1. Would segment 188-195 turn up any residue that is open to solvent by 10 Å² or more (accessible area, probe 1.4 Å) and either under 16 Å from the mean Cα position of the chain (by Cα) or under 18 Å from Gln257 (Cα atoms) (or both)?
2. Do any helices (runs of 4 or more DSSP H) lying entirely in segment 78-193 carry at least 1 residues that are free of Cβ contacts under 8 Å to residues at least 24 places away in the same chain and over 23 Å from Glu228 (Cβ atoms), and which ones are they?
3. Somewhere in segment 339-356, is a residue surrounded by fewer than 20 Cβ atoms within 10 Å (Cβ to Cβ), at pLDDT 95 or above and part of a loop (DSSP other than H, G, I, E, B)?
4. Yes or no: Gly284 in contact (Cβ under 8 Å) with a residue 24 or more places away in the chain and in contact with an Asp or Glu (Cβ under 8 Å, 6 or more places away or on another chain)?
5. Scan segment 146-166 and give yes if some residue there is within 11 Å of the ligand (Cβ to nearest atom) and among the hydrophobic types (A, V, I, L, M, F, W, C), otherwise no.
6. Would you mind finding the one in Pro309, Pro242, Pro259 that is open to solvent by 30 Å² or more (accessible area, probe 1.4 Å), out of contact with any Lys or Arg (no Cβ under 9 Å at 6 or more places or on another chain) and within 22 Å of Leu339 (Cβ to Cβ)?
7. Among the numbered criteria (1) more than 15 Å from the ligand (Cβ to nearest atom); (2) within 15 Å of the chain's Cα centre (by Cα), which single criterion is violated by Ser96?
8. Kindly provide the set of residues from segment 21-41 that are within 16 Å of the ligand (Cβ to nearest atom) and either modelled with pLDDT under 50 or of a type in the set (Gly, Ala, Ser) (or both), ordered by number.
Amino acid sequence: MFTRRDAIRSLAVGSAATLFSPHTLLAGLAKKKDKLGIALVGLGYYSTDLLAPALQMTQNCYLAGIVTGTPAKAEQWKKKYNIPDKNIYNYQNFDSIANNPDIDVVYVVLPPSMHREYVVRAAKAGKHVFCEKPMATSVADCKAMIKACADNKVKLAIGYRCQHDPNTQEYMRIGREKVYGKPMMIACGAGYVDGRTTHWKQKKALGGGCMPDMGVYALQGARLATGEEPISVTAQAHVIRPEIYKEVEETMLFQLQFPSGAVAACHTSFGINMNYLQVNYEKGWLKMEPFSAYGGNKGSHSGGVIDFPIKSQQAKQLDEDCLALMNNTQLIAPGEEGLRDIRVVEAIYQAAKSGGTVKISS
Ligand code: NAD
């Protein structure tokens, strides 16, 4: 974030143009607000059913604007959420959001193949960016998104809502503090039965496939429970309904090897309902079911239970990320965390294709 000290430094070197550019003016204003204005890009299921309702519960931010390609949705949202016309954009005029001081953060909630373009355009408009998972469809895109945000002095957070959930934070703590010694074996599954047939989740070019969509939850379960990054993977892709899954995998089994010697058997699917995490440590065990649902995540371990109440993961995520922007402190899941997963996702696809073991370089 552009700080007062940066502003003084700009002035000192005589760069009035830098000081009064829309970027610096907006970043400066954002710091003084007690509630940041968020603009949602893409008004599909997740924006409509989860994020917009959560933004009615938040303390540190509010729904200030929308970006949509559908005029009828703009009308509905405008009425429902009292959004002024000047804060409503389409995909063509989106870049002019740079001149709108009401918008501090752009939240990209589009199909994954579109994340890079809209994150980069938001960053160039001088706005902080929240981006839904999976961060992008390639490591190269993730790196370009991180660079665009750094170049434009804005921050990037990935919508890993579970990392804001105290139930997730508790199993992470048990792993990190080695409460039961080293992790030995992890089993983790995340999937649901998707009845749609022509959605972007079934299209390769839009970033479909169960691996980037639900598989990142299973991958996060293993990564967060061990506190380690996988060093190699093997994987097997499957299709149960070939009449629907012509371009992408419907189910993916993947096995991760960690530096400590721990191994994980993970699975994800658009054809099987499952949501669980199990960890066996040297001196104990942990089970969560569900582990990555919107609510009600809970579990038990050798020494007790994990069952913290949480009203809305999304409201907590939005509030915590906005507070981090206002205070210029570290985000819980910055762009680098999204990149860590996509690096493994790429290796999983390579392993599934080759049938061999793929090493992951950091
Ligand atoms: P969706 O299909 O319901 O909505 C996608 C939106 O993008 C729609 O408004 C659609 O009109 C718009 N769009 C613009 N151009 C498009 C194009 N070329 N093709 C298709 N749609 C286009 O999807 P969703 O379920 O809301 O998912 C959006 C993002 O949110 C994805 O990245 C997804 O992984 C993520 N998501 C996250 C969670 C979570 O728990 N964090 C849950 C659901 C979805």
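The values are calculated or read from the model by the stated rules, or taken from the named source; none is laboratory data. Treat the numbers as computed from the prediction; the structure is a model and nothing was measured. In this analysis, Cβ positions are derived from the backbone assuming ideal geometry, glycine residues included, and neighbour counts consider all displayed protein chains. These accessible areas exclude ligands, DNA and RNA; they are computed on the full protein's heavy atoms, side chains included. Shrake-Rupley method; radii C 1.70, N 1.55, O 1.52, S 1.80 Å.
1. no
2. Details: elements: 115-124, 139-151, 166-176.
Correct list: 115-124, 139-151.
3. Within segment 339-356 (the criterion being surrounded by fewer than 20 Cβ atoms within 10 Å (Cβ to Cβ), at pLDDT 95 or above and part of a loop (DSSP other than H, G, I, E, B)), the answer is yes, since at least one residue qualifies.
4. Details: in contact (Cβ under 8 Å) with a residue 24 or more places away in the chain: yes; in contact with an Asp or Glu (Cβ under 8 Å, 6 or more places away or on another chain): no.
Against the criterion (in contact (Cβ under 8 Å) with a residue 24 or more places away in the chain and in contact with an Asp or Glu (Cβ under 8 Å, 6 or more places away or on another chain)), Gly284 does not qualify.
5. The answer is yes; a qualifying residue exists.
6. Testing whether each residue is open to solvent by 30 Å² or more (accessible area, probe 1.4 Å), out of contact with any Lys or Arg (no Cβ under 9 Å at 6 or more places or on another chain) and within 22 Å of Leu339 (Cβ to Cβ) leaves just Pro259.
7. (2)
8. Going through segment 21-41, the residues within 16 Å of the ligand (Cβ to nearest atom) turn out to be 38-41.
Of everything in segment 21-41, just one residue is within 16 Å of the ligand (Cβ to nearest atom) and either modelled with pLDDT under 50 or of a type in the set (Gly, Ala, Ser) (or both), namely Ala39.
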